[in-house]
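Structure, as structure tokens:
The values are calculated or read from the model by the stated rules, or taken from the named source; none is laboratory data. Since this is a predicted model, take the numbers as computed values, not measurements. A quick note on method: Cβ atoms are made from the backbone with ideal geometry, for glycine too, and the neighbour counts reach across all protein chains shown.
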Amino acid sequence: MMKKPNLSFWQIWNLSFGFLGVQIGYSLQNGNTSRILEALGANVDKINYFWLAAPLAGLVVQPIIGLSSDKTWTRLGRRIPFILLGSIISALAMFFMPNSGNFANLLPALVFGGVMLLLMDTSFNITMQPFRSLVGDMVNDEQKNLGYSLQSALINFGAVFGSLLPWILAKLNVSNVPDVGEKVADSVIWSFYIGGTILLLSVLWTVFRTKEYAPQEHAEFNNIDLNAPEVKEKTSIIELLKTAPKIFWQLGLVQFFSWFALFLMWVYTTRAIANQVWGEAAADPRSLSFNEAGDWTGVLFAFYSAVAALFALSIPSIAKVIGRKKTYSYSLIFGGVGLISMYFFHDKYILFFSMIGVGVAWAAILAIPYAMLSSALPANKMGVYMGLFNGTITIPQIVAGAFGGIILGVQKGAIFYNEANVKCIEPANKGLFSGDAVLMIVVAGISLLIAGLAVASIQEKTE
């Protein structure tokens, strides 16, 4: 079997550069979707149901994309056609999402916003999954820690910019409250325009600067006989799951608690910070205080992404000293402590300390599981297994989305807007947490602690 050649730093950089733009879009979605939906009329205890559509679609779409890319060979390559298609759809959805209120003649604003969220998140997943497989295809085992860590760093550099963009535009005097008759502030709308444009341009960089291995070359590097029956025969998803390596399921357990925590954090941080720091002044989702809380959420998300970008670059060195398992476990535990600490802080600047732990955990979640898994997967099924592995991301989000609103409930006196755009005030407490969103962040922290402890169950093929 021929060994895959070592790639230069810049070759590995180009493989994942498009992920920079994808993460700008993904961060804008994570930091601003709840804010947009509340402005369109969603109550805080119902927002989780809108977020549910995306992981449900991803659960179906990702394995299909993975299986299709395993068997696709074009002039552009094997994974790149899917990356390009997903980026085009993502950008279009980003252009429409913050303008949902302008399409009331087609669909109610909240429904249109929900559809755009579904389309946007699904297309992000269509784009991201082949990026994971592309590194697995092109990078040898010796460089996989570097490959996925560099990918994690690029993701987080993009996340810093995407998370900060609305705040930056507000500082540049772009309106941070909706104009009369509008629902979403211009700072958010223009952020999505800029993010969508950068997403397309960065993906085009990867498309034109990366040359994937040809079928015969790929087969030689991975000791695959292209004429063997097992290569040509169709294998069902159920059969693939039955024959998945043990580490697939061991990582899946850790992934469940990790992504359960992340989903809760993304959905409820804006409202949690609004309540913790701004108090009653931010009860109205169209108020200046609430939009300032939304901007500050972006600043905090940008900070944890910057921490993650720096930590991701140090993961290969740390893992060489203490091993990948300990690096992974300690990182998740540190993140759990960070989230739980948010319950005790009411000063927006002290929240930066909480985000240090979140950033360390996020870097590990984006890099280490894929480095562990890709070494144990058959090369001719890399894409479909990476697609199936996405279920360890989507299923916990579905669970969190299904039960999050029930647990949270609505705070007495919470303000929302009905379908007729009339301001309403919630008359009574209901739900386990009575609308105190910061308690959902505490639940997320506990979930990350459990994930960190669950790393002990993983048995690596190589260290």
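For segment 325-358, the set of residues classified as of a type outside the set (A, V, I, L, M, F, W, C) and under 18 Å from Phe257 (Cβ atoms) consists of Lys325, Lys326, Thr327, Tyr328, Ser329, Tyr330, Ser331, Gly335, Gly336, Gly338, Gly357, listed by residue number.
Restricting attention to segment 237-288, the residues that are touching a Leu at 6+ places or on another chain (Cβ under 8 Å), closer than 23 Å to Ser447 by Cα and either hydrophobic (A, V, I, L, M, F, W, C) or not in a helix (DSSP H, G or I) (or both) add up to 8.
Among the residues of this structure, Ser27 does not count as one that is touching a residue at least 40 places away in the same chain (Cβ under 8 Å), farther than 28 Å from Asp436 by Cβ, touching a Ser or Thr at 6+ places or on another chain (Cβ under 9 Å) and not hydrophobic (A, V, I, L, M, F, W, C). Of note, Ala219 satisfies the criterion of being modelled with pLDDT under 80, among the aliphatic types (A, V, I, L, M) and surrounded by 17 or more Cβ atoms within 10 Å (Cβ to Cβ). Screening Lys326 on (1) surrounded by 22 or more Cβ atoms within 10 Å (Cβ to Cβ); (2) charged (D, E, K, R); (3) more than 30 Å from Ile189 (Cβ to Cβ) shows it passes everything except condition (1). Annotation note: Cβ proximity below 9 Å between a residue of segment 78-95 that is without any contact (Cβ under 8 Å) to a residue 24 or more places away in the chain and a residue that is buried (at least 19 other Cβ atoms within 10 Å of the Cβ) and not in a loop (DSSP other than H, G, I, E, B) (sequence gap 6+ or interchain) occurs for Pro81/Ser69; Pro81/Pro130. In segment 170-210, the residue that is surrounded by the most Cβ atoms within 10 Å (Cβ to Cβ) out of those that are β-branched (Val, Ile, Thr), over 30 Å from Trp10 (Cβ atoms) and in contact (Cβ under 8 Å) with a residue 40 or more places away in the chain is Val188. So which residues in segment 287-306 are of a type outside the set (A, V, I, L, M, F, W, C) and surrounded by 20 or more Cβ atoms within 10 Å (Cβ to Cβ), if there are any at all? If the condition is that a residue be of a type outside the set (A, V, I, L, M, F, W, C) and surrounded by 20 or more Cβ atoms within 10 Å (Cβ to Cβ), then Asn291, Glu292, Gly294, Asp295, Thr297, Gly298, Tyr304, Ser305 are the ones that fit. Listed by first and then second residue, the pairs linking a residue in segment 378-391 that is farther than 12 Å from Leu134 by Cα to a residue that is among the β-branched types (Val, Ile, Thr) and crowded, with 23+ Cβ neighbours inside 10 Å, with Cβ atoms under 7 Å apart and 6 or more places separating them unless they lie on different chains, are Gly387/Ile65. Considering the conditions (1) surrounded by 24 or more Cβ atoms within 10 Å (Cβ to Cβ); (2) out of contact with any Ser or Thr (no Cβ under 8 Å at 6 or more places or on another chain); (3) modelled with pLDDT of 85 or more; (4) closer than 27 Å to Val60 by Cβ, Ser152 is excluded by exactly one of them, (3). Scanning segment 92-109 for residues that are surrounded by fewer than 20 Cβ atoms within 10 Å (Cβ to Cβ) and not small (Gly, Ala, Ser) yields Leu92, Phe95, Phe96, Asn99, Asn102, Phe103, Asn105, Leu106, Leu107, Pro108.
On inspection, Leu310 does not qualify as in a helix (DSSP H, G or I) and surrounded by 19 or more Cβ atoms within 10 Å (Cβ to Cβ). Of the residues contained in segment 72-82, none is found to be at pLDDT below 80 and crowded, with 20+ Cβ neighbours inside 10 Å.
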